[in-house]
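Nothing in this text is a laboratory measurement; each read-out follows from the coordinates by a stated rule. As the structure is a computational prediction, the values presented were derived from the model and not from experiment. FYI the Cβ positions are ideal-geometry reconstructions off the backbone, even for glycines, and counts take in every protein chain you see.
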Amino acid sequence: MTAMIRSVGDPNSLAPAVRRLVASLDRNLPIQRLVSEEIRMASTLDRRRFATLLLAIFAGLALTLSAVGVYGLLNYWVTAREEEIAIRLALGAGRSGILTWAGAAASKLIAAGVVLGVGAAWAASNLLDSLVFGISPRDITMLSAAALVVIAIATLGAALPLARATRVDAVRKLQRA
């Protein structure tokens, strides 16, 4: 059983008077706790807040892993194609041409990841229905914003390998080959 009392001022100051009043009505009626409505309402959201915090932490870890993954994959791709890059440079390709060629490969990788990620998010959106307030879990604006954040993070992860691709020393690389 729950009883609610409206008060003006600090509700905790009324606790002794409430306990005396209840005891005067029935000595066997226990009062387990007296809490304000704000605290009671906040406690109903604790589980959702915790789940949302966990989702935010995992989302941050996923973004970090995606940036590291894109960096590692493109770094490996550039390392494996250094001779090809050197040949392209020796045949007259400019640094901007190398950047465009390597950037196209990076863009394909990022686009594939975003398409798969948005598809998975769309499929899993019903699981998040109870955690989001004020928006639909399949809100196109939110999915687009998330996709843009992932594209930005992946582009940052791709920047160093792409810059390294433009700095391949064609003469030294072809002398070793």
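Computed values, structure above
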quantity	calculated
For the range 75-177, projected area of the alpha-carbon convex hull averaged over all directions, nm²	7.6 nm²
Simple Cβ-charge dipole of the chain, Lys/Arg +1 and Asp/Glu -1, about Cα centre, in debye nearest 20	280 debye
Net charge of Cβ neighbours under 14 Å - reference A121; Lys, Arg +1; Asp, Glu -1	-1
Folded to 0 to 90 degrees: helix 95-124 orientation relative to the chain principal axis, Cα	30 degrees
Of A17, A112, A59, the one that fluctuates the most in a GNM where the chain has Cα springs shorter than 10 Å	A17
Table column - 3J(HN,Hα) (Hz), the range 48-61, Karplus curve with 6.51, -1.76, 1.60, x for Gly and Pro	5, 4, 5, 4, 5, 4, 4, 4, 5, 5, 5, 5, x, 5
Residue with peak Gaussian network fluctuation, the chain [Cα springs, cutoff 10 Å], from V68, V78, V115	V115
Convex hull per residue volume in Å³, alpha carbons only, for the chain	189 Å³
